[in-house]
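J.: Just dropping this structure here.
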Amino acid sequence: MWDLLAIWTITAFTLYVGLFWVLMAIENRNVLRTSCKPTRWPSISILVPAYNEERAIRSCVRSLLSMDYPKKPQIIVINDGSTDNTAKIVSAIASKHDNVKLMTQPNRGKGAALNAGLAFARGELVAVVDADSSVSRSALNKMVGHFDDGKVGAVVASIKPYKPRRFLTRLQSAEYVISCLYRRLGSLTNTMYVTPGALSVFRSRVVRGLGGFDEHNLTEDMEIALRMQKNGWEIRNSMTATSYTQLPETLKALYHQRVRWYRGLLTNTWKYKGMLFNRRYGLLGLWQLPMNIIFPFVSILVIAMFAWFAGLTLYRTFLELLIVGPTTWAFSLERFLLGFDWRVMVPWIMGLAFGVSVLLLSYREVQEKITKCTGRLSALVFLMLFYTIINVLWCFALAKNIIRSERKW
């Protein structure tokens with residue numbers, strides 16, 4: 001009985017959280033894709049921290065040079081001790097464009113690289129772009145209008161996958177599309193807790209006034225967002241501004257990326273634990289940050305339930321083999337169907353149906369075609385399997401935080 005109770009509890013929790021955001025999306029469907037038209041064009045400096053990015057840095061810088069922003073942006077590439085041809089590639093581009101500057105420093109981490117670039121930034125606004133990302137031509141034009149509101153300290157773009165070809169990257173594509181909608185809803189409810197490195201724009205004076213980026217933080221983009229929120233600055237999202245990022249193509253790369261993200265989420269939520277359940281921070285303190293703490297433990301419970309049912313099935317099979325013997329035992333589909341407790345499947349089917357609804361809603365609102373970047377099979381596998389993988393990675397992240405293993409960017 002306790003196992004069914006646990007399954008239904010997990011399902012109810014997941015549906016409750018998901019339904020909150022779905023209803024929020026439906027209620028605000030007329031404003032999701034609206035963007036603020038700028039009344040002026042402030043100067044912008046773009047920081048690109050790079051470490052061994054010879055495969056992607058050229059396309060990244062070229063996308064920045066191709067933007068149609070009315071004022072020529074200052075582009076600063078910070079080579080953080082790369083051992084490949086990153087510096088050579090950027091140097092060749094800088095020799096042809098006077099607004100591109102290359103800085104080189106010993107490997108000190110992403111936060112330190114950003115602060116080094118910030119020291120040379122001249123723009124009223126400063127943008128951060130990861131070296132493995134490419135920015136759409138009109139992205140900045142669709143973001144700067146938000147800064148006409150004096151309460152806004154940062155604006156983030158929609159992050160979409162860059163040409164996903166492999167099955168694993170197609171699975172992640174579905175997650176990124178859902179995240180585009182989720183990030184926009186976070187903007188409307190002022191619950192944004194991360195400024196993604198793929199493209200975020202800040203007021204320069206705000207970042208400097210807060211002491212710059214945390215050089216010892218695993219996810220400095222999350223830490224600066226929470227620090228801004230704590231100090232009363234709002235973070236907005238422009239769903240029509242797009243940056244395309246390269247996705248991990250192997251399970252090993254996905255493991256390292258997600259464990260770093262989830263460890264950073266746990267670390268920074270705990271660092272700003274004073275915001276938890278604090279009415280001063282609205283839904284961010286009363287809803288989003290508590291969810292950041294609750295979700296890892298739900299993930300552990302989900303994995304434990306999977307292990308329990310798998311172990312129970314193997315145990316029963318082993319007993320049957322002992323009783324009837326391996327020579328006479330044979331798998332019987334009829335016996336399996338009659339002996340299976342189908343009450344276990346009801347919440348799983350409910351969750352799957354709800355997941356399909358959320359996925360379709362996200363693709364419609366983000367205006368992406370499910371067959372273009374994901375594929376129907378990948379989308380189905382994503383709903384059935386991918387979040388199970390994510391739950392496992394949450395367990396690894398929690399374990400690494402407990403044992404305090406070494407952190408790298």
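J.: Among the residues of the stretch 30-51, is there at least one that is free of Cβ contacts under 8 Å to residues at least 60 places away in the same chain and either outside any loop (DSSP other than H, G, I, E, B) or of a type in the set (D, E) (or both)?
T.: no
J.: Starting from residues that are crowded, with 16+ Cβ neighbours inside 10 Å and of a type in the set (D, E, K, R), keep the ones in the stretch 39-83 and report whichever is nearest to R137 (Cα to Cα).
T.: Result: R58.
J.: Which members of the stretch 14-29 meet the condition of being surrounded by 12 or more Cβ atoms within 10 Å (Cβ to Cβ) and either assigned to a loop (DSSP other than H, G, I, E, B) or over 21 Å from the mean Cα position of the chain (by Cα) (or both)?
T.: N28, R29
J.: Would you confirm whether or not the stretch 52-60 contains a residue that is outside any helix (DSSP H, G or I), touching a Leu at 6+ places or on another chain (Cβ under 9 Å) and in contact (Cβ under 8 Å) with a residue 40 or more places away in the chain?
T.: No, the stretch 52-60 contains no residue that is outside any helix (DSSP H, G or I), touching a Leu at 6+ places or on another chain (Cβ under 9 Å) and in contact (Cβ under 8 Å) with a residue 40 or more places away in the chain.
J.: Output yes when any residue across the stretch 239-250 is farther than 18 Å from I159 by Cβ and either in a helix (DSSP H, G or I) or at pLDDT 95 or above (or both), and no when none is. So that I can check it myself, show each step before the final result.
T.: In the first step, residues of the stretch 239-250 are kept if they are farther than 18 Å from I159 by Cβ; the result is 250.
After this cut, where a residue has to be either in a helix (DSSP H, G or I) or at pLDDT 95 or above (or both) as well, the list is none.
No: zero hits.
J.: Okay, moving on. Of R263, R280, which residue is surrounded by 18 or more Cβ atoms within 10 Å (Cβ to Cβ), farther than 20 Å from Y162 by Cβ and among the basic types (K, R)?
T.: That would be R263, the only listed residue that is surrounded by 18 or more Cβ atoms within 10 Å (Cβ to Cβ), farther than 20 Å from Y162 by Cβ and among the basic types (K, R).
J.: Go through (1) touching a residue at least 40 places away in the same chain (Cβ under 8 Å); (2) not in a loop (DSSP other than H, G, I, E, B) and name the single condition M103 misses.
T.: Looking at each condition in turn, M103 falls short on (1).
J.: State which residue is modelled with the lowest pLDDT when the search covers only the stretch 1-41 and only residues that are more than 20 Å from V356 (Cα to Cα) and aliphatic (A, V, I, L, M).
T.: Ranking the qualifying residues of the stretch 1-41, first place goes to M1.
The values are calculated or read from the model by the stated rules, or taken from the named source; none is laboratory data. Computed from a prediction, not measured in an experiment: that's the story for all the values here. FYI the Cβ positions are ideal-geometry reconstructions off the backbone, even for glycines, and counts take in every protein chain you see.
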